[in-house]
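Nothing in this text is a laboratory measurement; each read-out follows from the coordinates by a stated rule. Source: prediction; values computed, not measured. All Cβ positions, even for glycine, are placed from backbone atoms using ideal geometry, and neighbour counts span all protein chains on display.
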């Protein structure tokens with residue numbers, strides 16, 4: 001019987017010569033912790049859904065990753081979180097978007113899949129559904145980290161500078177936000 | 001963005017993805033993560049997929065379901081299907097990012113076209129492997 005688990009913590013400009021060794025070690029430790037937690041569930045005969053949820057909870061609770069505690073800030077200075085989960089056996093799926101008070105969005109996505117007749121809930125309605133099902137809302141301050149806040153300030157500054165330049169040179173602006 | 005895909009002892013596949021989106025995003029923008037078939041997909045007959053990257057491209061291509069379909073309808077291996085979608089389809093469109101995928105036989109793939117991707121895997125032997133860079 002084969003079983004196993006594969007995880008990711010995001011893709012991007014992750015370069016070895018720019019990564020401080022102590023930060024690299026933190027990432028390695030957290031990813032290992034997540035893998036071992038998922039492995040324990042699978043080796044004990046648990047379900048792939050339980051393993052996926054547990055692994056993602058661990059990564060959501062770490063400020064290292066852009067999810068849960070480490071979520072980045074939107075333009076309005078608020079963290080907005082999205083998540084989805086799918087069961088390959090039943091083809092059931094659950095998704096949530098634009099959450100601002102949910103500590104572990106993947107668990108709410110699973111709740112949508114298992115406890116509602118819907119697939120995709122967003123914003124206030126998703127959080128209302130969470131409360132109705134016993135999920136405790138967290139203050140938005142829970143998601144604050146200095147590094148993510150500073151990243152937003154840098155992005156806003158760059159945007160301001162870019163706007164003043166593009167009055168003369170519109171083609172210089174290549175920022176896209178969906 | 002973080003994600004996980006798993007195969008359990010009963011042969012059931014599952015996929016999940018969670019994200020804080022994009023720094024400075026506006027207008028209630030949503031990426032591929034909550035869009036089933038774009039950023040997340042699972043089918044016991046084919047594979048489970050979780051994506052990360054520039055969401056708009058993953059939505060337009062329906063990346064996660066596309067990989068499952070290539071395995072299902074075209075009989076491609078998981079690795080070939082995942083590589084084709086990331087290195088050909090996403091890249092040709094101008095998008096960037098990566099994905100993790102596992103199939104019903106325990107084969108897996110972790111392609112990405114960015115400088116790096118935090119990633120790892122563990123199978124029956126219980127030995128976790130973690131990688132970050134292009135190596």
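Sorted on the mean count of surrounding Cβ atoms within 10 Å across their residues, most packed first, peptides B:111-117, A:122-128 read B:111-117, A:122-128.
Here the scattering of the range B:64-135 is modelled by Debye summation over its C-alpha atoms, one equal scatterer each and no solvent; at q = 0.21 Å⁻¹ the log10 of I(q)/I(0) is -0.94.
Footprinting exposure proxy ranking of A:147, B:50, A:43, fewest other C-beta atoms within 10 angstrom first, gives A:147, A:43, B:50.
Quick one: of the DSSP bridges fully inside the range B:28-135, what percent are antiparallel, nearest 5?
Working: 17 of 18 bridges.
Here the antiparallel bridges make up roughly 95 percent for the range B:28-135.
Looking at the square roots a ≥ b ≥ c of the eigenvalues of the Cα gyration tensor of the range A:79-129, which shape do they give, rounded for a/c under 1.5, prolate if a/b is larger than b/c, or oblate? Prolate. Inter-chain Cβ neighbour count for B:49-55, averaged per residue, equals 4 (cutoff 10 Å, partner chain atoms only).
When every alpha-carbon pair in chain A is counted, what percent end up more than 19 Å apart?
Working: 10282 of 15753 pairs.
Summing the P(r) of chain A above 19 Å gives 65 percent of all pairs.
How large is the convex hull of the C-alpha atoms of the protein assembly as shown per residue, in Å³? Numbers along the way, then the final one.
Numbers: hull volume 40.1 nm³, N = 313.
Convex hull volume per residue, Cα atoms: 128 Å³.
Under the classification rounded if a/c is under 1.5, otherwise prolate if a/b is larger than b/c and oblate if not, where does the range A:1-97 fall, given a ≥ b ≥ c as square roots of the Cα gyration tensor eigenvalues? Oblate is the answer for the range A:1-97, as a/c is 1.5 or above yet b/c matches or exceeds a/b. Round to the nearest 10 and give me the degree value, 0 to 90, for the angle of helix A:123-132's Cα axis relative to the longest principal axis of chain A. Relative to chain A, helix A:123-132 is tipped by roughly 30 degrees. Dividing the mean sequence gap of close Cα pairs (under 8 Å, 6+ apart) by how many residues the range A:3-141 holds gives a relative contact order of 16 percent.
Could you line up A:29, A:136, A:53 from fewest to most neighbouring Cβ atoms inside 10 Å?
Numbers: A:29 13, A:136 9, A:53 24.
So the ranking, lowest neighbour count to highest, is A:136, A:29, A:53.
Between the helical axis of B:63-74 and the longest alpha-carbon principal axis of chain B there is an angle of about 40 degrees.
Here the protein assembly as shown carries DSSP beta bridges of which approximately 90% are antiparallel, counting only pairs with both residues inside. Taking 12 Å as the cut-off, the amide N atoms of the range A:86-109 that come nearer than this to a point 7 Å along the Cα-to-beta-carbon line of residue A:131 belong to A:101.
Would you mind ranking A:78, B:100, B:59 so that the residue whose beta carbon has the fewest other beta carbons within 10 Å leads the list?
If I rank by nearby Cβ atoms, fewest first, I get A:78, B:59, B:100.
What average count of beta carbons from other chains do you get within 10 Å of the Cβ of residues in A:99-106?
Going residue by residue through A:99-106 and averaging, the value is 2.
The range A:60-114 and the range B:2-71 have Cα centres separated by 12 Å. Shielding by partners for peptide B:57-70, expressed as the average number of C-beta atoms from other protein chains within 10 Å of each residue's C-beta, is 0. Highest average first, the peptides B:37-44, A:17-24, A:111-118 ordered by how many other beta carbon atoms sit within 10 Å of their residues are B:37-44, A:111-118, A:17-24.
What shape does the range B:1-106 take by its C-alpha gyration tensor, where a ≥ b ≥ c are the square roots of the eigenvalues and a/c under 1.5 counts as rounded, a/b above b/c as prolate, and the rest as oblate? It comes out oblate by the Cα gyration axes.
Can you give me the angle between helix A:21-43 and the longest principal axis of chain A, using Cα atoms only, in degrees from 0 to 90, rounded to the nearest 10? For A:21-43 against chain A, the angle is about 30 degrees. Of all DSSP-defined beta bridges confined to the range A:28-159, some 60% are antiparallel rather than parallel.
Against the globular-protein guess of 2.2 N^0.38 Å, express the Cα radius of gyration of the range A:43-95 as a ratio, rounded to two decimals.
So the Cα radius of gyration is 1.39 times the expected 2.2 N^0.38 Å.
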